[in-house]
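S.K.: Please read through the structure below; I'll follow up with questions.
The values are calculated or read from the model by the stated rules, or taken from the named source; none is laboratory data. Quantities reported herein were computed from a predicted structural model and do not represent experimental measurements. Glycine also receives a Cβ, built like all others from the backbone with ideal geometry; neighbour counts cover every protein chain displayed.
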Amino acid sequence: MPWLSLQSAFGLAAIMGIAWAMSERRGAFSARQALTGVVIQIALALLMLKVPAARSGLLALNAAVDALTEATRAGTGFVFGYLGGGPAPYEITQPANAFVLGFQALPLVLVMSALSALLWHWRVLPAVTRAFAFLLQRSMGIGGAVGLASASTMFVGMVEAPLLIRPYLERMTRAELFMMMTVGLASVSGTVLVLYASVLAPIVPGALGQVLVASLISLPAGITIARLMVPEDKGVASTGVAEDEPLVQYESSMDAVTRGTIDGLYLLLNILAMLVVMVALVALVNIILGGLPDLWGAPMTLQRFFGWAFAPLVWLMGIPVAEIETAGQLMGTKTILNEFIAYINLAQLPQGALSPRSALIMVYALCGFANLGSVGILIGGLTALAPSRRVDIVTLGTRAIVSGTLATSMTGAVIGLIA
């Protein structure tokens, strides 16, 4: 609807205005850089979502999700039997309850991690990463170090990407550090893309393509928001990277598969532990809140509080007023807990809770690691890699969760503008 597109357009400007209002130096605002970031983001979204050939390609990625899911189920079924999706030894009367998240869906992370390491060893991902980094440098005028880290985030994650530029972390400027952290929190890694797509597939056509595009177009958004909040000092040269700088090395294809699987196991255990603890804590808070009197005819819950707190932000993305509390709950869940839980909640919403347009906006707005747990992981990882920059990393970390959230919100507004 035209007025909802206008709402998203206003929200896009407002989100950037919020970032500028929180800037360390408002006078350093560059209208050209901000406009460039918005134009690149909108152009990428239009190219990926409106050009028929690109749309067909994104929809075709569903076959990749199905193939990887089926392949993973073969492995989980062999190891875990019917708990992992294998044939059940009894008649199943309630198929919906036969799905076990930890044994059937989450092991997909292991397969993706091993596959990513293999593609890295075969020099497929390094070539793609270098190409993305080159495009970011040329289009947005960023340094080679932050460009390579930003491009790598899409494939290897927010903590692993800085490993690729470890020799340069000590020399990066404060603004470049913040930009790298913001982009890391505004996107998701390739190892979890397929997992998220498998959760969203029942409600979003071409789910893998949508999540992939969401992570891609959040790169220029993250760079733009970071520049607004922590501008670079005038006259400071950007940190470059040698063209022949070696990236992650594996001894052989088997070594890549083995190390990729081990890395994936760490990620899988981390996801499992976070899900158990976070869901339990939310339930505990809701039990406590349940002892309070009803508010406006309904029990008070943490989800309702999230809905109220984040309602203004999701309205800026273009969500209709009637749906902002539901969308706000999802955004709050993503920020306080994590995006995976938010995606599960989105997939489980009752029919009609969100319109197709609003659901699509939220798919894009939720696609980022900007949550409290990820910020802690990011700070811990970066301080281990660059101990001398600990003060900068810690102080910027608290701002990065805001900038990462604003960046994915900016992406949601762009989708609302063109949807």
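S.K.: For Val156, are the conditions met, namely being closer than 27 Å to Asp66 by Cα and either touching a Leu at 6+ places or on another chain (Cβ under 6 Å) or among the β-branched types (Val, Ile, Thr) (or both)? Show your work before the answer.
M.R.: Numbers: closer than 27 Å to Asp66 by Cα: yes; either touching a Leu at 6+ places or on another chain (Cβ under 6 Å) or among the β-branched types (Val, Ile, Thr) (or both): yes.
In short, yes.
S.K.: Among the candidates Leu110, Leu106, which residue alone is at pLDDT 85 or above and either surrounded by fewer than 17 Cβ atoms within 10 Å (Cβ to Cβ) or within 19 Å of Leu275 (Cβ to Cβ) (or both)?
M.R.: Values: Leu106 fails: at pLDDT 85 or above.
When all the criteria are applied, what remains is Leu110.
Residue-wise test of (1) more than 11 Å from the chain's Cα centre (by Cα); (2) surrounded by fewer than 19 Cβ atoms within 10 Å (Cβ to Cβ); (3) among the hydrophobic types (A, V, I, L, M, F, W, C).
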{"residue": "Ala342", "(1), (2), (3)": "yes, no, yes"}
{"residue": "Ile361", "(1), (2), (3)": "yes, no, yes"}
{"residue": "Cys367", "(1), (2), (3)": "no, no, yes"}
{"residue": "Ser374", "(1), (2), (3)": "no, no, no"}
{"residue": "Ile377", "(1), (2), (3)": "yes, yes, yes"}
{"residue": "Thr383", "(1), (2), (3)": "yes, yes, no"}
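S.K.: Checking Val188 against (1) part of a loop (DSSP other than H, G, I, E, B); (2) farther than 19 Å from Thr129 by Cα: exactly one of these is not met. Which one?
M.R.: Of (1) part of a loop (DSSP other than H, G, I, E, B); (2) farther than 19 Å from Thr129 by Cα, only one is false for Val188: (2).
S.K.: Turning to a different aspect of this structure: Being farther than 30 Å from Ala131 by Cβ, at pLDDT below 80 and not in a loop (DSSP other than H, G, I, E, B): is that true of Leu284 here? Let's see the steps before the verdict.
M.R.: Working: farther than 30 Å from Ala131 by Cβ: yes; at pLDDT below 80: no; not in a loop (DSSP other than H, G, I, E, B): yes.
When the stated conditions are applied, Leu284 does not pass them.
S.K.: Being part of a helix (DSSP H, G or I), over 22 Å from Ser198 (Cβ atoms) and in contact (Cβ under 8 Å) with a residue 12 or more places away in the chain is the filter here, so list the residues in region 99-130 that pass it. Steps first, answer last, please.
M.R.: Our first condition is that a residue be part of a helix (DSSP H, G or I); within region 99-130, this holds for 101-104, 108-121, 124-130.
Okay, now just the ones that are also over 22 Å from Ser198 (Cβ atoms), so 120-121, 124, 126-130.
The answer is Trp120, His121, Pro126, Val128, Thr129, Arg130.
S.K.: Please go through region 66-91 and pick out each residue that is β-branched (Val, Ile, Thr) and under 28 Å from the mean Cα position of the chain (by Cα). Even if it seems obvious, please write down each step before you answer.
M.R.: So the first thing to find is which residues in region 66-91 are β-branched (Val, Ile, Thr), and the list is 69, 72, 76, 79.
Those that are β-branched (Val, Ile, Thr) and under 28 Å from the mean Cα position of the chain (by Cα): Thr69, Thr72, Thr76.
S.K.: Among helices (runs of 4 or more DSSP H) lying entirely in region 320-419, which contain 3 or more residues that are under 20 Å from Leu177 (Cβ atoms) and at pLDDT 90 or above? Break it down into steps so the answer makes sense when it comes.
M.R.: Values: elements: 324-336, 339-347, 356-365, 372-385, 390-418.
Hits in region 320-419: 390-418.
S.K.: Can you confirm whether Phe155 is closer than 27 Å to Leu106 by Cβ and either free of Cβ contacts under 8 Å to residues at least 40 places away in the same chain or in contact with a His (Cβ under 8 Å, 6 or more places away or on another chain) (or both)? Step through it out loud before you land on a result.
M.R.: Values: closer than 27 Å to Leu106 by Cβ: yes; either free of Cβ contacts under 8 Å to residues at least 40 places away in the same chain or in contact with a His (Cβ under 8 Å, 6 or more places away or on another chain) (or both): yes.
Spelling it out, Phe155 is indeed closer than 27 Å to Leu106 by Cβ and either free of Cβ contacts under 8 Å to residues at least 40 places away in the same chain or in contact with a His (Cβ under 8 Å, 6 or more places away or on another chain) (or both).
S.K.: Looking only at region 43-81, which residues are in contact with a helix residue (DSSP H, G or I) (Cβ under 8 Å, 6 or more places away or on another chain), farther than 18 Å from Thr191 by Cβ and of a type in the set (Ser, Thr, Tyr)?
M.R.: The answer is none; no residue qualifies.
S.K.: Against the condition within 22 Å of Met16 (Cα to Cα), in contact with a helix residue (DSSP H, G or I) (Cβ under 7 Å, 6 or more places away or on another chain) and without any contact (Cβ under 8 Å) to a residue 24 or more places away in the chain, how does Ala370 come out, does it pass? Steps first, answer last, please.
M.R.: Working: within 22 Å of Met16 (Cα to Cα): yes; in contact with a helix residue (DSSP H, G or I) (Cβ under 7 Å, 6 or more places away or on another chain): yes; without any contact (Cβ under 8 Å) to a residue 24 or more places away in the chain: no.
No; evaluated as a whole, the condition is false for this residue.
S.K.: May I pose another question? Which members of region 45-60 meet the condition of being assigned to a helix (DSSP H, G or I), more than 16 Å from Val363 (Cβ to Cβ) and aliphatic (A, V, I, L, M)?
M.R.: The initial filter retains those residues of region 45-60 that are assigned to a helix (DSSP H, G or I), namely 45-50, 52-60.
Next, only the ones that are more than 16 Å from Val363 (Cβ to Cβ) stay: 46-47, 50, 52-54, 56-57, 60.
Residues satisfying the conditions are Leu46, Leu47, Ala53, Ala54, Ala60.
S.K.: Follow-up. If you check Leu135 against the conditions, is it surrounded by fewer than 21 Cβ atoms within 10 Å (Cβ to Cβ), more than 19 Å from the chain's Cα centre (by Cα), not small (Gly, Ala, Ser) and not in a loop (DSSP other than H, G, I, E, B)? Full working, then the answer.
M.R.: Details: surrounded by fewer than 21 Cβ atoms within 10 Å (Cβ to Cβ): yes; more than 19 Å from the chain's Cα centre (by Cα): yes; not small (Gly, Ala, Ser): yes; not in a loop (DSSP other than H, G, I, E, B): yes.
Criteria met by Leu135.
S.K.: Residues that are modelled with pLDDT of 85 or more and in a helix (DSSP H, G or I): does region 242-250 have at least one?
M.R.: Narrowing region 242-250 to residues modelled with pLDDT of 85 or more: 250.
Checking the rest, the ones that are also in a helix (DSSP H, G or I) come to none.
The answer is no; no qualifying residue exists.
S.K.: Across region 66-83, what is the number of residues that are charged (D, E, K, R) and free of Cβ contacts under 8 Å to residues at least 12 places away in the same chain? Step through it out loud before you land on a result.
M.R.: Here is the first cut: in region 66-83, the ones charged (D, E, K, R) are 66, 70, 73.
Next, from what is left, pick out any that are free of Cβ contacts under 8 Å to residues at least 12 places away in the same chain: 66, 70.
Residues flagged as charged (D, E, K, R) and free of Cβ contacts under 8 Å to residues at least 12 places away in the same chain within region 66-83 amount to 2.
S.K.: Quick check, is Met154 buried (at least 24 other Cβ atoms within 10 Å of the Cβ), hydrophobic (A, V, I, L, M, F, W, C) and closer than 21 Å to Leu372 by Cα?
M.R.: Numbers: buried (at least 24 other Cβ atoms within 10 Å of the Cβ): no; hydrophobic (A, V, I, L, M, F, W, C): yes; closer than 21 Å to Leu372 by Cα: yes.
Criteria not met by Met154.
S.K.: Quick one: how many residues across region 150-185 are part of a helix (DSSP H, G or I), among the hydrophobic types (A, V, I, L, M, F, W, C), more than 15 Å from the chain's Cα centre (by Cα) and modelled with pLDDT under 85?
M.R.: Number satisfying all stated conditions: 3.
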